Amino acid sequence: MQENTTKEIVAEIVKKYAAREGKITSISITKKSLPGKPWVNPLLRKLNKLSSLFKVRFTFSRYESTVYAYSSNQDDDLYSEYGKNELMINFGSGAFMHPRWINYDFPGQSSYYKKLQGLPGKDFIPIDLTKDLPLQLESGSVSLIYCSHTIEHLPESTASIFLSECFRLLKKGGCLRLVFPNVVSDYQFAEICSSQSSIDQNMKIESIVAAAYNSFSPSAEYEIPELLDLFERENYSYEKIPEALRLKDSLHGSFRPGNPDFHLSFWSHSKLSNLSRACGFETYLPGQRGRSSYKPFNNTCVFDTTEPQYSLYGELIK
């Protein structure tokens, strides 16, 4: 078989990136004060009970301060390849709501987050991923798994167990879509800032503190001179510095139930690619927001709404 020419390959790439498959009809309301309103998600849950009457579903992105109303018929079309009884799981679901998905999340610590999550056992299933694995579900019983801005809240050892459990749960050809912070960019930003004398010292310090915090949140307890010395000594290495921060931590990077929002590990495409193979996955694909060969993930009213300007996307395929 003759291989495609470069021109043909480029044409396919252009076609792929120009495609808007999965985009559905929607309207949105964006208001700065929406994230502070605890009644938003409870109200949308009630409205979604009536959505079949109006062919509309609602969802809320607190990071974008936006409420979306989108076509339920067009969204249902994205699931046409999946049977009605096929399992789909969202780990770390937060405010997520969709009738086809089962939500798992660590119980909220604040009254606001509890309102976002909804009722335990109804809107989500409480779970502590550091303790409650494996799940009581059959191997190969799940078609799709979504996990957005959750894996970084787990110690690396727990993340490995979690990915192995996802591999066990997924059907052959099933997909785990991960969304996680772009910490590598934080370190690069801090390094580039530090190398320029024209940049204000305060901005340099802020970039270093942000990089440290986003890769390992307990670093907020460390003194600034200590962090500056560490970054300089380790040459702004996003591989060595988080490990050094963990070694200095009194709890050695273990999970804090009282601070589930802490980042305890950081991820890159290369790290996840290596770990995915170790866990048995056949393929790891770096992705983009709202772009996937698994059509349900293309609805950006529902998926990839958490800090999209700061996120990386990857798909692990069994």
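The values are calculated or read from the model by the stated rules, or taken from the named source; none is laboratory data. On a predicted model such as this, the values are computed, not experimentally measured, just so you know. Here the Cβ positions follow ideal geometry from the backbone for every residue, glycine too, while neighbour counts run over all protein chains shown. Note: areas computed on protein heavy atoms with side chains; ligands, DNA, RNA excluded. Shrake-Rupley method; radii C 1.70, N 1.55, O 1.52, S 1.80 Å.
Pull out a ≥ b ≥ c, the square roots of the eigenvalues of the alpha-carbon gyration tensor of the range 25-97, then state rounded if a/c is under 1.5, prolate if not and a/b is larger than b/c, and oblate in the remaining case.
Since a/c reaches 1.5 and a/b is larger than b/c, the shape of the range 25-97 is classed as prolate.
Among the listed pairs K84/K115; K114/K172; K84/K295, which are separated by more than 25 Å between their Cα atoms?
Going by Cα-Cα distance, K84/K115; K114/K172 fall outside the 25 Å limit.
Given 0.36 nm per residue, what is the gain on full extension from R256 to S185 after removing their alpha carbon distance, in nm?
Taking R256 through S185 to full extension adds about 23.0 nm, to one decimal.
Under 21 Å between alpha carbons, and skipping anything fewer than 8 positions from K271 in its own chain: which lysines qualify?
The qualifying lysines are K240, K318.
Work out the FRET efficiency for K31 and S111 from their Cβ-Cβ distance, taking R0 = 25 Å, and round it to the nearest 0.05.
So, using R0 = 25 Å, E works out to roughly 0.75.
Please work out the average accessible area per residue across the range 33-154, using the 1.4 Å probe convention, and give it in Å².
Normalised by residue count, the accessible surface of the range 33-154 is 48 Å².
Go through the range 219-309 and name the GluC sites (Glu not before Pro) that are in a DSSP coil and have 11 or fewer other Cβ atoms within 10 Å of their Cβ.
When the GluC sites (Glu not before Pro) of the range 219-309 are filtered for loop state and at most 11 Cβ neighbours within 10 Å, E223 remain.
Hey, any idea what % of the chain's accessible area is carbon plus sulfur with a 1.4 Å probe?
Heavy-atom surface of the chain belonging to carbon and sulfur, 1.4 Å probe: 54 percent.
In the chain, what % of DSSP beta bridges are antiparallel (nearest 5)?
Bridges in the chain are about 60 percent antiparallel.
Please work out whether the range 245-318 counts as rounded, prolate or oblate from its C-alpha gyration tensor, where a ≥ b ≥ c are the square roots of the eigenvalues and a/c under 1.5 means rounded, while otherwise a/b larger than b/c means prolate and anything else oblate?
Judged from the Cα gyration tensor, the range 245-318 comes out oblate (a/c at least 1.5, b/c at or above a/b).
Mind pulling the angle between the C-alpha long axis of helix 40-49 and the longest principal axis of the chain? Nearest 10 degrees, somewhere in 0 to 90.
Its long axis makes an angle of about 20 degrees.
Let me check against my output: what whole-number percent is the relative contact order of the chain, with C-alpha pairs under 8 Å and at least 6 apart?
18
Ranked by accessible surface with a 1.4 Å probe, highest first, in what order do T5, T306 come?
T5, T306
What is the sum of charges around L87, taking Lys and Arg as +1, Asp and Glu as -1, for the other residues whose C-beta is under 10 Å from the C-beta of L87?
Surrounding charge for L87 is 0.
Just to confirm, what accessible area per residue do you get for the range 157-253 at 1.4 Å probe, in whole Å²?
49
Work through the residues other than L285 whose Cβ is under 11 Å from its Cβ and net out their charges, Lys, Arg +1 and Asp, Glu -1.
0
Could you identify which residue out of A210, A244, A159 has the top mean-square fluctuation in a GNM of the chain using Cα springs shorter than 10 Å?
Largest GNM mean-square fluctuation: A244.
Ordering W39, W101 from largest to smallest accessible area (1.4 angstrom probe), what's the sequence?
The most accessible residue leads, giving W39, W101.
Does the range 43-184 classify as rounded, prolate or oblate by the C-alpha gyration tensor (a ≥ b ≥ c root eigenvalues; a/c under 1.5 gives rounded; else a/b over b/c gives prolate, otherwise oblate)?
Note, shape of the range 43-184 comes out oblate.
Simple spin-label model, 7 Å along Cα-to-Cβ: A220 to S160 in nm?
In this crude spin-label approximation the distance works out to 2.9 nm.
Can you give the accessible area of M203, probe radius 1.4 Å, in Å² rounded to 10?
Accessible surface of M203 is approximately 90 Å².
Express the relative contact order of the range 182-314 as a whole percentage, based on alpha carbon pairs under 8 Å and six or more residues apart in sequence.
22 percent.
With r defined as the distance between the Cβ atoms of R45 and T6 and R0 fixed at 51 Å, what FRET efficiency is calculated, to the nearest 0.05?
0.50
With the contact rule set at Cα under 8 Å and sequence spacing of 6 or more, what percent relative contact order holds for the range 174-248?
Rounded, it is 31 percent for the range 174-248.
Go through the range 107-180 and name the GluC sites (Glu not before Pro) that are in a DSSP coil and have 10 or fewer other Cβ atoms within 10 Å of their Cβ.
Here the GluC sites (Glu not before Pro) that fit, given the DSSP loop and packing criteria, are E138.
Using a 1.4 Å probe, how large is the accessible area of C301, given in Å² and rounded to the nearest 10?
About 10 Å², ignoring ligands and nucleic acids.
Any chance you could look up the accessible area of T283 with a 1.4 Å probe, heavy atoms only, rounded to 10 Å²?
Estimated to the nearest 10 Å², T283 gives 50 Å².
Based on alpha-carbon centroids, what's the gap between the range 282-318 and the range 120-148 in Å, whole number please?
19
Residues with beta-carbon under 11 Å from that of Y63, excluding Y63: net charge, scoring Lys, Arg +1 and Asp, Glu -1?
Charge balance in the 11 Å sphere: -2.
Give me, ordered by chain and number, the residues 5 or more places off I125 or on other chains with an amide H under 5 Å from its own placed amide H.
Sorted by chain and number, the residues that satisfy this are N103, Y104, D105.
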